[in-house]
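Encoded as structure tokens, the structure appears first; notes follow it.
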Amino acid sequence: KNIVKMVKDKRTRGTGVDNHWMLQKCQELIKSFNPVTHSIDTHCLEALGDVHAPNAKPESLFVQQVVYGCFKETKILKCFIEDFYIDNSARVLRSDITLYTVLAYIAIFRVDELSFDKFKDICLSQEPSKVNTIVTYLFNSENLWNTLRSSWMKVRDLEYVENQLIPRLEKYVTDIMRFSMELEKNAVDNAAAEAAKEEMRAKGEVGLPKVEKKATTRPISPNITKPRPPVIAEPERIAQLTLSHEVPGFLDNINLEKLNNKREMEREATLKATRDKYNAGVKPFELHETKGGRPFAEIQKEVEDKFASELRFDASFIHEPPDFSKQKSLQQQVKNNASAILREDAIYRKQQAKDVQLLRAYEEELRDPTEFYLWQKEMRDRDAVEKLEKVVFRREQAKASAIDAKEAILKQREDNFTVAEMLREQADVIKQQRDLENEIAMLKNQSMARDIAEARDTRPKEAGQKAAEDRAMRAQRLREEMEAARLAKIEEDKAEEEEKADKIRQLRALNTVHKKHIVVFDPTETAGHRLSSEMSYMEMKERLKHDKVREEEKEQLKRAQIEYEKQRRLSDLERRQASTLRARQVKAETNSTLRQKEAERKKKEAEDTEILRKIAAEKLEKELKEKRELAKAEQAAMKAEQERIKRQQQYLGAAMGQVEQMREEQMSMARKRQKDTLERTQRESMAMYQESAMKDRDNKVHLERKERLMRENSLKEKQDQYAFEKKAYLNKLKETVLYKKEMFQAGQTQHAVTKTVIIEHNPYAQKISEESLTKAMQMNNSKRVSMSGGKTRLGKSTVSFQDG
């Protein structure tokens, strides 16, 4: 109230209140508020201080109230801002949303307290175009009753919006029209000032006072002696040469070993001098000893050694896993709560549903997957062979790509050299062209400067005269509009005063007549308004008494029902926990058996694989040994053949023709033997390949037969487990059905007991209920009879509501 009184005081207007500072501070507080770290009170206290202190500024209190109001009325302001930005998206900026929120709050909720004149002063502290946009949109009857009304009725009561919120704004529409014209004039003046400022900035006259032009002064050159040109000192030359001296001769006699020896000798001499300094004529220290005569340092060292012996820096923090077989049962270790029991029961039920679906699918789609597994194994072997072929192909491709890359690099270097030569030539041509363009641009600029200099004396005068004429026309038009608005306001005020005077006369005429009304209160009579819910004072007391008794009985019944539900839930949890424990035990036993069988299967597979690997290794070793022996025998035969031919050449040196003939025969025989050997080797390898293929086929059939037997055993175990779980599920389902039947019977019994108790304790209410039921049935019968007669009667019913 103090700040409202202060801002309404005309003596403080423009002197004691900084409107621009208040709006700026409101925007800063709203933008910097973080609801995660601060409350709104703490945030305002840190930013404004104690606004209720005696030395606090009233502006701070007003800022705090505006910030509180913006957060309190967030829903209404948010609806207004959304509609305002949708309808004026081309005229407003998103960065000004906080300013528009503050102005909207002041205009909607505080303008009556501040008065319209103070509201104008606050708005005039901001940019006129922004303020004009929001006030013309907010104080518009069409917008209030259409767009804003439909948005506000979503967050507030329709009666409040139509009877309080909109009329509060609608009564300032005429004042806002005049204020809008003033804002438009201010905006036009500001725009003209900005244009003049830009023109002065373009001319270089910013900051200079505007003076009237005087007659041009005629310059007369005085007879002054021309100044002598200054004498510039000759610059000093800075030497750029570095003089180097000769290497000193003592460096030839020094090496690293001599320096180390010299340093060691100096260190020993310094150490000796220091010891002599402190040992010559100085009494040694008498160290503290214990009562037993032992030195304190010795006892301290003994204690430290004892403490260090207990330390274990190599200790490991990894413990062995616990053996649950030697501990207590898991049920005794862990105490389950209700949520844990229900959660585990839900998991168990989900698993049961999955198993049922799996078994149903197995029953409906039962088939022999042996053919599929054979095809799958064949395809995997084929994929492995194709993968090896792709690896070999990629290696060859990588080699070829490496060669192509080298050739491409050499070609790229040659192309780069050629392109560089071309770019150098183009750069020279571009440089010449740029020089020509610069000369042409300079000539154009010189011509433009001459044209500007010629038009500089006439254009500003013409533009100034035109701007003055436009301002005069706008001012004349504005005065005419303001005069018309003033006359309309006078007529409106006159009509309003006459209407008020008429109402005052009517009220005075009503108040002058005095009637005496004597009312005698009778507690057994009703008010006489002819309402369906009317009752006398005594009837109301009796009804309240019966209602109190009914509420007490209802409370006792509710307590008993709550206790019964608690016991039922407790028994249900115990039953669920027992079923879960049974299922867990069965699952553990099944998993243990499956793990043991899986371990045995893997062990047997590993043994079979190891046997097959050993057989294959022995076979490969045998084949390699035979090939090595065969190669050695061929080499020995070739070597013996060469020696024999050499000896024959030596013995038959005289008959060269015969020797050549014999050599040709021997070579043909050797080629024939080589061919026979190659054919024999190929036949042997083909036979070995067929033998190995036959063995692989036999092994494959053997393994497939073994896998089929294992699958059949696994399927049989699953079927046994399914039968067991199905039996358990049926038993559980049977228990659930019996439990639901018991619950239904208990509910029926409880309902009958409750109904009997209610009828016995409140016969009056039961009687009223029966009468109402009988009356309703009679009305329905009469309506049915009237409708069967073909006549339809429509009536209007009036429903009245009475408070309390």
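The values are calculated or read from the model by the stated rules, or taken from the named source; none is laboratory data. Quantities reported herein were computed from a predicted structural model and do not represent experimental measurements. We place every Cβ from the backbone using ideal geometry, glycine too, and count neighbours over all the protein chains shown. Side chains are part of the model used for accessible areas, which takes the heavy atoms of the whole protein and leaves out ligands, DNA and RNA. Shrake-Rupley method; radii C 1.70, N 1.55, O 1.52, S 1.80 Å.
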* Asked: Is it fair to say T593 is of a type in the set (V, I, T) and either under 30 Å from R705 (Cα atoms) or not in a helix (DSSP H, G or I) (or both)?
  -> yes
* Structure fact -> Per the list (1) touching a helix residue (DSSP H, G or I) at 6+ places or on another chain (Cβ under 6 Å); (2) under 30 Å from E182 (Cβ atoms); (3) not acidic (D, E), residue check on T524 breaks on (2)
* Asked: Among the numbered criteria (1) among the aliphatic types (A, V, I, L, M); (2) surrounded by 10 or more Cβ atoms within 10 Å (Cβ to Cβ); (3) modelled with pLDDT under 70, which single criterion is violated by A361?
  -> (3)
* To do: Return a yes/no flag: does the range 562-573 have any residue that is among the polar types (S, T, N, Q), more than 25 Å from L342 (Cβ to Cβ) and either open to solvent by 60 Å² or more (accessible area, probe 1.4 Å) or modelled with pLDDT of 90 or more (or both).
  => no
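Could you please let me know if I232 is surrounded by fewer than 10 Cβ atoms within 10 Å (Cβ to Cβ), aliphatic (A, V, I, L, M) and modelled with pLDDT of 75 or more? Walk me through how you get there before you give the answer.
On the way: surrounded by fewer than 10 Cβ atoms within 10 Å (Cβ to Cβ): yes; aliphatic (A, V, I, L, M): yes; modelled with pLDDT of 75 or more: yes.
Here the answer is yes, as I232 does meet what is asked.
For every residue, the table says whether it meets (1) assigned to a helix (DSSP H, G or I); (2) open to solvent by 70 Å² or more (accessible area, probe 1.4 Å); (3) modelled with pLDDT of 85 or more.
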{"residue": "V135", "(1), (2), (3)": "yes, no, yes"}
{"residue": "N143", "(1), (2), (3)": "yes, no, yes"}
{"residue": "N146", "(1), (2), (3)": "yes, yes, yes"}
{"residue": "S151", "(1), (2), (3)": "yes, no, yes"}
{"residue": "V155", "(1), (2), (3)": "no, no, yes"}
{"residue": "E159", "(1), (2), (3)": "yes, yes, yes"}
{"residue": "L165", "(1), (2), (3)": "yes, no, yes"}
{"residue": "R168", "(1), (2), (3)": "yes, no, yes"}
{"residue": "A187", "(1), (2), (3)": "yes, no, no"}
* Structure fact -> Pairing a residue in the range 421-436 that is at pLDDT 85 or above with any residue that is open to solvent by 100 Å² or more (accessible area, probe 1.4 Å), where Cβ atoms lie under 9 Å and the two sit 6 or more apart in sequence or on different chains, gives none
* Report yes if some residue within the range 405-419 is under 30 Å from A193 (Cα atoms), open to solvent by 80 Å² or more (accessible area, probe 1.4 Å), part of a helix (DSSP H, G or I) and not acidic (D, E); otherwise report no. => no
* Looking at K695, is it within 30 Å of F372 (Cα to Cα), surrounded by 11 or more Cβ atoms within 10 Å (Cβ to Cβ) and without any contact (Cβ under 8 Å) to a residue 40 or more places away in the chain? -> yes
* When you scan the range 450-494, how many residues do you find that are farther than 19 Å from E199 by Cβ and of a type in the set (G, A, S)? -> 5
* **Total residues in the range 48-89, condition more than 31 Å from the chain's Cα centre (by Cα), without any contact (Cβ under 8 Å) to a residue 40 or more places away in the chain and part of a helix (DSSP H, G or I)** => 3
* Kindly establish whether F62 is closer than 22 Å to I122 by Cβ and open to solvent by 70 Å² or more (accessible area, probe 1.4 Å). => no
* Asked: Restricted to the range 90-104, and to residues that are within 29 Å of the chain's Cα centre (by Cα) and charged (D, E, K, R), which residue is most open to solvent (accessible area, probe 1.4 Å)?
  -> R94
* Number of positions in the range 520-552 that are surrounded by 12 or more Cβ atoms within 10 Å (Cβ to Cβ), modelled with pLDDT under 80 and of a type in the set (G, A, S) -> 0
* Neighbours by Cβ (under 6 Å, 6+ apart or cross-chain): first from the range 677-688, touching a residue at least 60 places away in the same chain (Cβ under 8 Å) and more than 11 Å from L630 (Cβ to Cβ); second assigned to a helix (DSSP H, G or I) and among the hydroxyl-bearing types (S, T, Y) -> none
* Asked: With I347, I341 as the choices, which residue is out of contact with any strand residue (DSSP E or B) (no Cβ under 6 Å at 6 or more places or on another chain), within 30 Å of Q567 (Cα to Cα), among the β-branched types (V, I, T) and open to solvent by less than 100 Å² (accessible area, probe 1.4 Å)?
  -> I341
* Structure fact -> Of S339, S329, S401, the only residue that is at pLDDT 80 or above, small (G, A, S) and under 47 Å from the mean Cα position of the chain (by Cα) is S339
* Any chance you could count how many residues in the range 103-120 are part of a helix (DSSP H, G or I) and under 19 Å from T174 (Cβ atoms)? => 10
* With respect to the numbered conditions (1) farther than 23 Å from Q164 by Cβ; (2) in contact with a Phe, Trp or Tyr (Cβ under 8 Å, 6 or more places away or on another chain), which one is the sole condition not fulfilled by C26? -> (2)
